[in-house]
Amino acid sequence: MEYHILCEPEEIARYVFVPGSHTRATKIADHFDNARLVSDSRGYLVYSGTVEGIPMTVSSTGMGGPQIGIGIEELGHMGADTFIRVGSCGTFQDHIKVGDLIIPTGVYRGGATADRYLPPAFPAAANWQVLAALVDAAEKLGVDAHVGIGSSWDAFYALPEPPLPEKLKQAGVLAAEMECDTLFVVANYRGWRAGAILANDGTATEIKPEWGEEAFRKGEELEIQVAIEAMKNIALTDQVGEA
């Protein structure tokens, strides 16, 4: 039994979605067959079920590097080895609209939790297999997604000093969020696979505008569909490789 995610290892699938939002975790579980609640403890809402016969789990992680770091460590102890963050983000880019989807190839490391695992010079990069599966799933479903560099921070209200956002914008950084750096670094360190898909919930100048709520919710549902399709394809590829 882990310290925070209180369930048995046999209740956790190898393939796990890790949204920050508890509500989004429930929305993902709604896409499972025979979804069942297996843990609700210390900010981790965990459901398991199947998708076309493939066991899958979703665990909300709350906000920030420490939360997702603890979550995936404990899920990994129970047998999980493939993670897709299904999250939200802001953006630095004027051309990215509310509700647009972003698939980060890697992220700028602005948080601190990952530094406890590997030094800042180590890149926070998505696993190639998971990244490719997400891009392929979006194309298969006819969903437009921006693919490129994101950024992670661990202090939502302590924004970076003005020169840095402008530099990141000029460098083409697409997204700003709070968890991917820790997810990618810990997964690389532990030998797991991790990727992410993010629904943008703001503009380059406005965070979470009320007028964008409907567009964001549409994007959220699309990112869930893409993530599930990608995870299904990863599992099927694993089955072929293990046959």
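Those strands (runs of 3 or more DSSP E) of segment 1-62 in which at least 2 residues are touching a Lys or Arg at 6+ places or on another chain (Cβ under 9 Å), considering only elements entirely within it, cover 15-17, 44-51, 54-59. Looking only at segment 105-134, how many residues end up being closer than 29 Å to G241 by Cα and either open to solvent by less than 40 Å² (accessible area, probe 1.4 Å) or among the small types (G, A, S) (or both)? Adding up the residues that qualify gives 9.
The residue that is most open to solvent (accessible area, probe 1.4 Å), among those in segment 148-175 that are under 24 Å from S60 (Cα atoms) and either among the polar types (S, T, N, Q) or in contact with a helix residue (DSSP H, G or I) (Cβ under 8 Å, 6 or more places away or on another chain) (or both), is D154.
Of V38, V46, V58, all but one fail to be aliphatic (A, V, I, L, M) and more than 29 Å from D115 (Cβ to Cβ); the exception is V38.
When you scan segment 173-186, how many residues do you find that are within 12 Å of the chain's Cα centre (by Cα) and assigned to a helix (DSSP H, G or I)? Give the steps one after another, and end with the answer.
Step one: list which residues in segment 173-186 are within 12 Å of the chain's Cα centre (by Cα), which gives 177-184.
Checking which are assigned to a helix (DSSP H, G or I) leaves us with 180-184.
Here the count works out to 5.
Please verify whether A114 is within 28 Å of E214 (Cα to Cα) and not in a strand (DSSP E or B), treating the condition exactly as stated. No. When segment 200-237 is filtered for residues that are farther than 15 Å from L134 by Cα, open to solvent by 20 Å² or more (accessible area, probe 1.4 Å) and over 19 Å from the mean Cα position of the chain (by Cα), the ones remaining, listed by number, are T203, A204, T205, E206, I207, E210, W211, E213, E214, A215.
The values are calculated or read from the model by the stated rules, or taken from the named source; none is laboratory data. Fair warning: this is a prediction, and the values are worked out from it, not measured in the lab. Glycine also receives a Cβ, built like all others from the backbone with ideal geometry; neighbour counts cover every protein chain displayed. All accessible areas refer to the heavy atoms of the entire protein, side chains included, with ligands and DNA or RNA removed. Shrake-Rupley method; radii C 1.70, N 1.55, O 1.52, S 1.80 Å.
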